[in-house]
Amino acid sequence: MMNNIETERLLLRDMKLEDKNEIFEYRSDSVTNKYQGWIPKTLNDVEAFIKQNPKEFNKPETWYQILIICKENNFIVGDIGIHFIDNMQIEIGITLNEKYQKRGYANESLNGIIEYLFKKLNKHRIIASVDPNNINSIKLFEQLHFRKEAHFKKSLLVNNEWVDDIIYALLSEEWGK
């Protein structure tokens, strides 16, 4: 389990089974989530997704999903996926409910988790894999001072279609400069 992380307006915490309806509401929206590899079709899909989340946070070779909660109303804003590639490198991704986009929540929540990963867990490098058509995500990671490291052509099979992949990265020594 992960320790809760608080930012000015948000709480980052573990998922619980009782969150499944709210998660399904935004994750099942295939238009908003067109760049995502996972779009649940049923509540059972979400329940399985929650149950498969590792029990241990910071375990190499696992994906750990956390929720982004608005402290003002206690609603789920979205979620962050954290891939512990090894002991020192992380991949992150974010999904936001369309109702909560364009309010700075993505930037604020990622700032919170990046700070935690670099300062509390002493990670060396964080990467993000972004579809080149996902302009909002590209802008987001550039605002967070990630640098574009690679553009791979038709390297990922998403929803039965080969798509390009852009890799953004940030080193711990670059954070906060």
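For the stretch 4-57, GluC sites (Glu not before Pro) meeting the loop criterion (DSSP other than H, G, I, E, B) and having at most 15 other Cβ atoms within 10 Å: E8, E56. Loop-located trypsin sites (Lys or Arg not before Pro) in the stretch 21-50 (DSSP state other than H, G, I, E, B) with a sparse environment of at most 16 neighbouring Cβ atoms within 10 Å: K34, K41.
Label zone of N133 (point 7 Å out along Cα→Cβ, amide N under 16 Å): in the stretch 3-38 this covers 30-38. Normalising by the residue count of the stretch 1-42, find the relative contact order in percent from Cα pairs under 8 Å and 6+ residues apart. After rounding, I find 24 percent.
Computed over neighbours whose Cβ is under 12 Å from that of I80, the net charge equals -3, Lys and Arg +1, Asp and Glu -1. The largest accessible area among W63, W38, W175 belongs to the first residue in W63, W38, W175, and the rest follow in falling order (1.4 Å probe, all chains). Projected over every direction and averaged, the convex hull enclosing the alpha-carbon atoms of the chain yields 9.8 nm². For the chain, the membrane-span-like helix rule (DSSP H, alpha carbon extent of at least 18 Å along the helix axis, mean Kyte-Doolittle at least 1.6) picks out no helix; this says nothing about an actual membrane.
Compactness ratio for the stretch 29-104: Cα radius of gyration over 2.2 N^0.38 Å (N = residue count) comes to 1.19. If you take the Cα centroid of the stretch 33-58 and the Cα centroid of the stretch 101-122, the two points sit 21 Å apart. Rolling a 1.4 Å probe over the protein chains gives D19 an accessible area of about 10 Å². For the set K55/K148; K119/K139; K20/K99, the pairs lying more than 26 angstrom apart at their alpha carbons are K55/K148. Start at zero, step by 5 Å, and the Cα-Cα distances of the stretch 76-136 spread as 4, 16, 26, 24, 17, 10, 3, 0 percent across the bins.
Our summary gives the chain a relative contact order of 18 percent, counting only alpha carbon pairs under 8 angstrom and 6 or more residues apart. Principal semi-axes of the equivalent ellipsoid, √(5λ) from the alpha carbon gyration tensor of the stretch 126-177, are 23, 11, 7 Å from largest down.
The values are calculated or read from the model by the stated rules, or taken from the named source; none is laboratory data. Since the structure is predicted, the reported quantities are computational estimates derived from the model, not experimental observations. Methodologically, a virtual Cβ is constructed for each residue, glycine included, from the backbone with ideal geometry; neighbour enumeration extends over all protein chains shown. Ligands, DNA and RNA are stripped out before the accessible areas are found, and what is left, the full protein with its side chains, is counted by its heavy atoms. Shrake-Rupley method; radii C 1.70, N 1.55, O 1.52, S 1.80 Å.
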